[in-house]
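The values are calculated or read from the model by the stated rules, or taken from the named source; none is laboratory data. From a predicted model like this one, the values you see are computed outputs, not experimental measurements. Note that each Cβ is placed from the backbone with ideal geometry, even for glycine, and that neighbours are counted across all protein chains shown.
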Amino acid sequence: MDVYGILELLGYVLRVLGALVFGVAAGWLTVRSLKWNMGSWQFAIAAVLGLLGTFALIGHWVEGGGTLGAFGLGAGAGILIWGLGAERSDEK
């Protein structure tokens with residue numbers, strides 16, 4: 001394995017980690033906007049469609065399934081963590 005092969009492997013790992021972090025941030029932003037919209041259904045629809053549009057764009061432009069899978073895992077984790085955690089804190 002030469003230097004270019006090592007750099008290519010490092011690039012794939014960094015791309016997957018970046019997509020995971022971006023997915024967590026996108027999931028948090030979606031949950032935050034859904035809970036913060038104060039009854040505006042247009043804003044809620046825009047937030048959900050924005051998250052789904054990001055899935056479609058990543059799936060179309062990025063080669064390989066690892067990046068899309070990492071983004072999906074990150075977005076799902078962000079939605080579950082902050083979505084469920086916010087409900088628990090409201091019940092107290």
Completion exercise
Within segment 15-73, the count of residues that are on the phi > 0 side of the Ramachandran plot and surrounded by 13 or more Cβ atoms within 10 Å (Cβ to Cβ) comes to 0
Fill in the blank from the handout: Inside segment 18-68, the number of residues satisfying the requirement of being hydroxyl-bearing (Ser, Thr, Tyr), at pLDDT 85 or above and farther than 18 Å from residue 83 by Cβ is 1
